[in-house]
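One structure is given here, and the rest of the page talks about it.
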Amino acid sequence: MIWHILGAGAIGQLFATRLIDAGVSVRILSRQPSDYYQLHLLEGKDKRTYTLHPDSIDAKEPITHLLVCTKAPDTVDALLTHQHRIYANAHILLLQNGMGQHEAVQALLPEAHIWAGITTAGAWRSEPFTLHCVSQGITEIGLLNRHNQGLPDGWEKVSPQPIAAANIQLSLWRKLAINCAINPLTAVHQCLNGELVENSVFLKQMREVCTEVEQVLQALNLSVLEGPLIEHAMQVAHQTAKNRSSMLTDILHSRPTEIDFITGYLCHQADLLGISLPFNHALLEKVKSLSS
Ligand code: KPL
């Protein structure tokens with residue numbers, strides 16, 4: 001079994017190293033063909049070097065296990081590039097922020113096993129092949145379109161072991177709710193996560209976002225968190241105080257953001273339910289205007 005990896009940014013590279021440590025063969029789907037490259041992983045006082053093998057676009061052998069760590073908006077285009085090699089019953093694991101892309105992948109690959117994952121692991125790259133893991137985090141994985149209580153092939157040996165989520169939809173909503181509360185506001189105010197709790201104006205806005213998100217969660221009968229969302233969002237903003245959110249990072253690098261798959265997905269669900277979310281709609285438009 002080989003796990004191919006699509007989207008070898010910091011999270012893709014981190015999970016490549018974890019799979020290699022678990023004894024699993026890994027191939028990076030890359031646009032720049034080369035025989036192999038050395039990846040340096042720095043974690044606490046540890047420094048380890050891994051050899052990663054890219055697969056060129058011309059490679060022919062079928063892909064049976066595919067980990068997707070691209071940005072949510074890039075998912076479908078990235079899969080289309082490799083679709084001719086993807087085995088009909090392949091296992092596809094989407095380990096990304098956001099919601100909505102999962103349905104698009106199911107429509108594209110209707111016979112595939114579609115797994116979804118969320119992670120709080122934190123990693124960043126100081127250079128393309130120098131990866132710093134700042135937090136091991138917790139990873140949850142579950143199968144979206146079939147009944148299964150376990151983990152995908154090879155992932156039982158990954159360390160730290162991911163949680164096999166009994167209801168991954170709930171986990172996705174939990175992560176989405178936190179991302180709705182933090183990411184767009186940090187993008188609009190161009191601030192670090194911690195400033196959302198330190199600045200009373202930003203905090204008031206985060207409360208407004210959370211109140212609206214909770215309306216949608218209640219209408220969908222999803223109990224994703226114990227206690228109010230604002231408390232969890234404040235805790236995450238506090239724990240990641242010095243972090244620049246992924247959405248702000250995208251804006252600062254003039255890259256497309258994941259707003260359509262975070263606040264956009266929330267607003268779309270609210271529209272279907274006939275719920276109005278003025279604050280989140282305004283944030284959606286504001287972030288779109290910043291990234292256009
Ligand atoms: O997941 C995140 C992100 O930046 O995308 C948070 C939780 C906001 C941490 O930065």
### Message
With n ≥ 4 as the cut-off for DSSP H runs, can you work out [θ] at 222 nm for the chain, using -39500 (n - 2.57) per run divided by the number of residues, rounded to the nearest 500?
### Response
-12500 deg cm²/dmol
#### Entry: Phi-based couplings in Hz for the stretch 71-76 (Karplus 6.51, -1.76, 1.60; Gly and Pro marked x)
5, 3, x, 8, 4, 5
## Note on the structure
Expressed in angstrom and rounded, the centroid-to-centroid distance over alpha carbons for the stretch 185-241 and the stretch 154-168 is 27
### Query
Which percentage, to the nearest 5, of the DSSP beta bridges contained in the stretch 1-136 is antiparallel?
30
### Task
Would you kindly derive the ³J(HN,Hα) couplings of the stretch 23-30 from the backbone phi angles with the Karplus curve 6.51 cos²θ - 1.76 cosθ + 1.60 (θ = phi - 60°), listing them in order in whole Hz, with x for Gly and Pro?
x, 9, 7, 10, 10, 8, 7, 10
### Task
Report the antiparallel proportion of the DSSP beta bridges in the chain as a percent, rounded to a multiple of 5.
40
### Query
Helix 200-219: angle to the longest alpha-carbon principal axis of the chain, degrees 0 to 90, nearest 10?
70
### Query
So what's the convex hull volume per residue for the Cα atoms of the chain, in Å³?
131
### Task
Just flag the trypsin sites (Lys or Arg not before Pro) in the stretch 3-58 sitting in loop per DSSP whose Cβ has no more than 14 other Cβ atoms within 10 Å.
ARG31, LYS45
### Summary
Mean accessible area per residue over the chain (1.4 angstrom probe, all protein chains present, square angstrom) is 47
### Task
Let me see the pair-distance distribution of the stretch 201-292: every alpha carbon pair, 5 Å bin width, integer percents in order.
3, 12, 20, 23, 23, 13, 5, 1
### Query
Mind checking the angle between helix 229-239 and the chain's longest principal axis? C-alpha axes, 0 to 90 degrees, to the nearest 10.
60
### Query
Considering amide H positions built from the backbone, and no H for Pro or chain starts, which residues 5 or more places from ILE5, or on another chain, come under 5 Å of its amide H?
ARG27, ILE28, LEU29, LEU67
### Task
For TRP115, enumerate residues with amide H under 5 Å from its amide H, sequence gap 5+ or separate chain, H modeled in the peptide plane.
ILE92, LEU93, LEU94, LEU144
#### Entry: Using θ = phi - 60° and Karplus 6.51 cos²θ - 1.76 cosθ + 1.60, couplings along the stretch 174-179 (whole Hz; Gly, Pro as x)
4, 5, 4, 4, 5, 5
### Task
Report in % the part of the accessible area of the stretch 2-165 that belongs to carbon and sulfur, leaving out ligands and nucleic acids; probe 1.4 Å.
51
### Message
What is the percent carbon and sulfur in the accessible area of the stretch 170-291, measuring with a 1.4 Å probe over the protein chains and ignoring ligands?
### Response
51
### Message
Treating only the Cα positions of the stretch 2-165 as identical point scatterers, give the base-10 log of I(q)/I(0) from the Debye formula at each q in 0.12, 0.18 Å⁻¹.
### Response
-0.49, -1.16
### Query
How far, in degrees from 0 to 90, does helix 278-291 lean away from the longest principal axis of the Cα atoms of the chain, to the nearest 10?
50
### Placed amide H near ILE163: partners under 5 Å, 5+ positions off or other chain
THR139, GLU140, ILE141
### Message
Among the listed pairs LYS45/LYS288; LYS45/LYS204; LYS45/LYS157; LYS47/LYS288; LYS60/LYS175, which have their C-alpha atoms separated by more than 29 angstrom in this model?
### Response
LYS45/LYS288; LYS45/LYS204; LYS47/LYS288; LYS60/LYS175
### Query
Which of rounded, prolate, oblate describes the stretch 240-292, given a ≥ b ≥ c as roots of the alpha-carbon gyration tensor eigenvalues and a/c under 1.5 marking rounded, otherwise prolate only if a/b is larger than b/c?
prolate
### Task
Tell me the trypsin sites (Lys or Arg not before Pro) within the stretch 117-165 that lie in a loop according to DSSP and have at most 10 other beta-carbon atoms within 10 Å.
ARG146
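The values are calculated or read from the model by the stated rules, or taken from the named source; none is laboratory data. Here the structure is a predicted model, which means the values were calculated and not measured. When we count neighbours, we look across all protein chains shown, and the Cβ atoms used for this are built from the backbone with ideal geometry, even at glycine. Heavy atoms of the whole protein, side chains included, go into the accessibility calculation; ligands, DNA and RNA do not. Shrake-Rupley method; radii C 1.70, N 1.55, O 1.52, S 1.80 Å.
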